[in-house]
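**Student:** Have a look at this one.
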Amino acid sequence: MKTVLVTGGAGYIGSHACKVLARAGITPVTFDNLATGWQEAVKFGPFEQGDLLDRDRLDDVFAAHRPDAVMHFAALSQVGESMAQPGRYWRNNVTGSLNLIEAAVAAGCMDFVFSSTCAIYGDQDNVVLDESCAQHPINAYGKSKRAIEEILEDFGAAHGLQSVIFRYFNVAGADDAAEIGEFHQPETHLVPLILDAIDGRRGALTVFGTDYDTPDGTCIRDYVHVMDLVEAHVLGLRWLGAGKGSRVFNLGTGHGFSVREVIAAAEAVTGREVPFAEGPRRAGDATRLVSGSMRAGQDLGWTPGRSTLEQMISDAARWHKVGHYES
Ligand code: UDP
């Protein structure tokens with residue numbers, strides 16, 4: 001394995017994947033339209049600016065770099081926005097991914113690693129969320145990812161495309177050298193918003209809903225460190241390289257934390273108070289999303305060793321002090 005095409009390599013998770021790929025001796029070729037990514041985050045291999053909706057451009061990039069595999073991160077990924085603008089999510093995520101998958105098959109690039117989401121499971125109380133769990137996504141974002149998983153399954157059956165699908169739980173933290181990190185414009189994710197609120201970069205955090213059926217009334221999520229998450233992708237590539245076939249893996253720790261618990265952890269780590277106000281629920285949010293699967297550990301040998309709340313928040317805070325992108 002020499003070269004991997006990384007769509008969304010200028011984004012938060014994709015840029016961290018490029019870093020670990022380069023460290024593993026693999027050249028990451030970033031393909032990104034810079035709609036939500038940052039050129040400054042492309043530090044570990046060549047950059048090809050382009051849009052997944054442009055099939056000709058994709059074909060040119062496959063011909064120029066002849067990648068051995070694809071890691072597909074590029075997507076619109078905000079739950080709330082997906083409820084207000086479903087058309088953008090279906091076009092960008094589903095049509096864009098279909099173009100990419102067809103271009104990969106046409107180029108004979110048959111190993112495909114895909115970023116899916118726990119949002120695919122929807123709101124299922126008292127159900128263990130493992131990979132065989134029924135899928136009932138409750139937002140357009142999750143539905144768009146479910147559709148792409150189905151496309152991959154069909155292309156596997158018809159054309160022999162091998163895919164590793166990772167269903168992410170909540171990703172947080174940053175590169176431990178703070179060379180890259182999480183930076184969205186606008187920011188919607190909990191940990192960077194907490195750090196912004198602490199620093200006074202914006203007003204108080206709004207806690208979205210305090211009347212959920214959870215011990216403290218706020219939503220529960222399973223947070224995983226971005227560096228652990230991208231390490232799983234390298235293991236996924238090896239899995240495919242060994243010809244072990246298509247497989248779906250949850251990437252979470254199995255431990256859930258409420259919004260209030262994340263706030264308390266941030267206060268403990270930083271020694272600063274988090275200004276926050278209680279607000280209404282955000283459309284599309286599930287009550288509790290916690291992985292119930294050990295599959296990635298058993299099959300891939302994955303251990304999310306950095307994924308404590310303390311480590312994720314302190315790594316995010318280190319990046320947050322120095323890091324932001326401008327272009
Ligand atoms: N959240 C919140 N206030 C915010 C942003 C997020 O209370 O300003 C909550 C959100 O309702 C969810 C959790 O924090 O329960 C994680 O949300 P995030 O947007 O970070 O990730 P998601 O779960 O949507 O992938």
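Values quoted throughout were computed directly from the atomic coordinates according to the rules given, and no laboratory measurement underlies them. These figures come from a predicted structure and were not determined experimentally. Please note: Cβ atoms are built from the backbone with ideal geometry, for glycine as well, and neighbour counts cover all protein chains shown.
**Student:** Please report the spacing between the Cα centers of the stretch 262-321 and the stretch 116-158 in Å, no decimals.
**Tutor:** Value for the Cα centre distance between the two parts: 22 Å.
**Student:** List the residues whose amide H sits under 5 Å from the amide H of THR206, counting only those 5 or more places along or on another chain, with H placed 1.01 Å from N in the peptide plane.
**Tutor:** ALA277
**Student:** With θ taken as phi - 60° and the coefficients 6.51, -1.76 and 1.60, list the Karplus ³J(HN,Hα) couplings across the stretch 44-51 in order, rounded to whole Hz; mark glycine and proline as x.
**Tutor:** 10, x, x, 10, 10, 7, x, 10
**Student:** While we're here: Using the Cα centre as the reference, give the magnitude of the dipole from point charges on the C-beta atoms of the chain (Lys, Arg: +1; Asp, Glu: -1; all else neutral), rounded to the nearest 20 debye.
**Tutor:** In total the dipole reaches around 320 debye.
**Student:** Between HIS324 and GLN39, what is the label-to-label distance in nm when each label sits 7 Å out along the Cα-to-Cβ direction?
**Tutor:** About 2.0 nm separates the two model spin labels.
**Student:** Just to check I understand the Karplus step: with θ = phi - 60° and J = 6.51 cos²θ - 1.76 cosθ + 1.60, what whole-Hz values come out for the stretch 144-160, glycine and proline as x?
**Tutor:** 5, 5, 4, 4, 5, 4, 5, 4, 4, 4, 5, 6, x, 5, 7, 10, x
**Student:** THR303 versus ARG23, label points 7 Å from Cα toward the beta carbon: distance in nm?
**Tutor:** Taking the two extended label points, one gets 1.6 nm.
**Student:** Set Lys and Arg Cβ to +1 and Asp and Glu Cβ to -1, take the dipole of the stretch 18-172 about its Cα centre, and tell me which of ILE148, LEU98, SER82 lies farthest positive.
**Tutor:** It is SER82, whose Cα lies furthest towards the positive end.
**Student:** Over the chain, what is the percentage of antiparallel beta bridges among all DSSP beta bridges, to the nearest 5? Please list the in-between numbers first.
**Tutor:** Details: 2 of 39 bridges.
Around 5 percent antiparallel, to the nearest 5.
**Student:** Give me the one-decimal nm value for the distance between modelled label points at THR206 and VAL127, 7 Å along each residue's Cα-to-Cβ direction.
**Tutor:** 2.9 nm
**Student:** Let me ask you something else. Once you charge only the Cβ atoms, +1 for Lys and Arg and -1 for Asp and Glu, what is the size of the charge dipole of the stretch 52-173 about its Cα centre, to the nearest 20 debye?
**Tutor:** Dipole of the stretch 52-173, to the nearest 20 debye: 300 debye.
**Student:** Among LEU229, ASN139, GLY241, pick out the residue whose Cα is farthest towards the positive end of the charge dipole of the chain, where Lys and Arg carry +1 and Asp and Glu carry -1 on C-beta, about the Cα centre.
**Tutor:** Checked the options; the winner is GLY241.
**Student:** Only counting other Cβ atoms within 10 Å, I'd like LYS2, LYS19 sorted with the fewest neighbours first.
**Tutor:** Ranking LYS2, LYS19 by Cβ neighbours within 10 Å, fewest first, gives LYS2, LYS19.
**Student:** Considering Cα pairs under 8 angstrom that are at least six residues apart, work out the relative contact order of the chain and quote it in whole percent. Mind showing how you got there, number by number?
**Tutor:** On the way: 688 pairs, mean separation 65.1, N = 327.
Reported relative contact order: 20 percent.
**Student:** So, one more: When a footprinting reagent is the concern and you count Cβ atoms within 10 Å, what order do ASP196, ASP211, ASP222 take, fewest first? Before the final figure, lay out the partial values.
**Tutor:** On the way: ASP196 15, ASP211 10, ASP222 23.
Arranged by neighbour count, lowest to highest, ASP196, ASP211, ASP222 become ASP211, ASP196, ASP222.
**Student:** Also: Once the piece of chain linking ARG55 and ALA268 is laid out straight, how much longer is it, given 0.36 nm per residue of separation minus the C-alpha distance between them?
**Tutor:** Between ARG55 and ALA268, full extension yields an extra 71.8 nm.
**Student:** Which net charge results for the neighbourhood of SER144, defined as the other residues with beta-carbon distances under 15 angstrom from its beta-carbon, given Lys and Arg at +1 and Asp and Glu at -1?
**Tutor:** +3
**Student:** Which value at 222 nm does the chain reach when only helices count, each DSSP H run of 4 or more adding -39,500 (n - 2.57), with the total divided by all residues and rounded to the nearest 500 deg cm²/dmol?
**Tutor:** -11500 deg cm²/dmol
**Student:** So which lysines can LYS244 reach, going by Cα to Cα under 22 Å and dropping same-chain residues fewer than 8 places off?
**Tutor:** Partners within reach: LYS2.
**Student:** While we're on this one: Would you mind classifying the stretch 1-114 by shape? Square roots of the alpha carbon gyration tensor eigenvalues, ordered a ≥ b ≥ c; an a/c under 1.5 is rounded, otherwise it is prolate if a/b is larger than b/c and oblate if not.
**Tutor:** In terms of gyration-tensor shape, oblate.
**Student:** In addition: Assigning unit charges at the beta carbon (Lys, Arg +1; Asp, Glu -1) and nothing else, what dipole magnitude in debye, to the nearest 20, does the stretch 171-242 show about its Cα centre?
**Tutor:** Roughly 160 debye for the stretch 171-242.
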